[in-house]
Amino acid sequence: MALADPECGISNGADSASQFSDIIELNVGGQVYVTRHTTLIAVPDSLLWNMFSKKTPPELARDSKGRFFLDRDGFLFRYILDYLRDLNLVLPDYFPEKSRLQREAEFFQLRDLSKLLSPKMSKDNSITDEICQSDSEEPSASATPLVGPDTSRTLSVASTAHSPSIESKKSGYITVGYRGSYTIGRDIQTDAKFRRVARITVCGKTSLAKEVFGDTLNESRDPDRPPERYTSRYYLKYNFLEQAFDKLSEFGFHMVACSSTGTCAYSSNDPNEDKIWTSYTEYVFCRE
């Protein structure tokens, strides 16, 4: 009869020389992964190899459900895991997180993967055929000396092509929405209890959303959206509307429309009890 494995594994068919189960559950930044022990130790001298071959299970951090915990980017870890399975990396088209994935590769001490993701490698390599604009390196003004009567015009064209101010003026719309609720007691305003905004959603063109909100944009539900496509599945990692408005204002957006809907219900069947109001509000911002 198979016994339940005490070390956060699903089966107890591990090598007798290892204290870890053959199947291991990981919690990486809130994302749960299930993989084989042999996958985690596929690259000698890497961080995961040291964790799961040199250490014992009690020495490693766990979450509340007993899974091994890593405080890293949970979305990007799936590419780390894919690489460990066959030591080959295939990224989706228009992958926007190449530089961040390289940072994760360096953290996990996967040197070969880090080299593959280096922005200096040849574009002929299949892994880096699609170079995200944010990852490309701007040419140095001193790298290629310009001579001749058209020097000033050429420099002007080159600087315009890479000018952040020009890029930041792409026109478009971003819609920010949130769902909120509050309770009004029998004394109306004196007993009003406002609840925290649960989540701020972001709708619009992917490139504009990332330009404005950057790392504060949670993309886990729509990770591979191309820059020129539209999304309605992003949300922010904070819950302050004013913070989102400040960001939009900073990047030249202004509000052009707002709409809101609300419903009311009682917290119990007694009409004398508190009323709970819930609402959904959207703000439309534009940059011309």
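Inside the range 244-281, residues that are at pLDDT 85 or above and open to solvent by less than 60 Å² (accessible area, probe 1.4 Å) make up a count of 8. If you filter the range 219-241 down to residues that are open to solvent by 30 Å² or more (accessible area, probe 1.4 Å) and of a type in the set (S, T, N, Q), you find that the one that is farthest from ASP93 (Cα to Cα) is ASN239. The one condition from (1) at pLDDT 80 or above; (2) among the charged types (D, E, K, R); (3) part of a helix (DSSP H, G or I) that ARG233 does not meet is (3). The condition of being modelled with pLDDT of 90 or more, under 24 Å from SER114 (Cβ atoms), over 29 Å from the mean Cα position of the chain (by Cα) and open to solvent by less than 80 Å² (accessible area, probe 1.4 Å) holds for SER53.
Tell me which residues, restricted to the range 205-218, are under 20 Å from PHE240 (Cβ atoms), in a strand (DSSP E or B) and open to solvent by 10 Å² or more (accessible area, probe 1.4 Å). Once the filter is applied, which keeps residues that are under 20 Å from PHE240 (Cβ atoms), in a strand (DSSP E or B) and open to solvent by 10 Å² or more (accessible area, probe 1.4 Å), the range 205-218 yields only ASN218. What are the pairs, 6+ residues apart or on separate chains, where a residue within the range 66-78 that is under 15 Å from GLU106 (Cβ atoms) and acidic (Asp, Glu) has its Cβ under 9 Å from a residue that is open to solvent by 40 Å² or more (accessible area, probe 1.4 Å) and in a helix (DSSP H, G or I)? From the range 66-78, the pairs are ASP73/ARG100; ASP73/ARG103. Does VAL43 qualify as being closer than 18 Å to SER114 by Cβ and either more than 24 Å from the chain's Cα centre (by Cα) or in a strand (DSSP E or B) (or both)? Considered against the rule, which asks whether it is closer than 18 Å to SER114 by Cβ and either more than 24 Å from the chain's Cα centre (by Cα) or in a strand (DSSP E or B) (or both), VAL43 comes out as yes. The set of residues in the range 56-85 being assigned to a helix (DSSP H, G or I) and over 22 Å from the mean Cα position of the chain (by Cα) consists of PRO57, PRO58, GLU59, ARG85.
Of all residues assigned to the range 34-54, none qualifies as being in contact (Cβ under 8 Å) with a residue 12 or more places away in the chain, out of contact with any Phe, Trp or Tyr (no Cβ under 6 Å at 6 or more places or on another chain) and closer than 22 Å to LYS237 by Cα.
Assessment of the range 124-133 against the conditions (closer than 26 Å to PHE251 by Cβ, surrounded by fewer than 11 Cβ atoms within 10 Å (Cβ to Cβ) and at pLDDT below 80) yields at least one matching residue. Keeping to the range 178-207, report how many residues are among the aliphatic types (A, V, I, L, M), at pLDDT 85 or above and out of contact with any Ser or Thr (no Cβ under 9 Å at 6 or more places or on another chain). Residues in the range 178-207 being among the aliphatic types (A, V, I, L, M), at pLDDT 85 or above and out of contact with any Ser or Thr (no Cβ under 9 Å at 6 or more places or on another chain): 1 in total. For the condition assigned to a loop (DSSP other than H, G, I, E, B), farther than 20 Å from LEU87 by Cα, at pLDDT 90 or above and open to solvent by 40 Å² or more (accessible area, probe 1.4 Å), SER16 does not qualify.
The values are calculated or read from the model by the stated rules, or taken from the named source; none is laboratory data. This one's a predicted model, so the numbers in the text were calculated from it and none came from an experiment. Because the Cβ atoms are built from the backbone with ideal geometry, glycine has one as well, and the counts that use them run over all protein chains shown. Accessible surface is based on the protein model in full, side chains and every heavy atom, while ligands, DNA and RNA are left aside. Shrake-Rupley method; radii C 1.70, N 1.55, O 1.52, S 1.80 Å.
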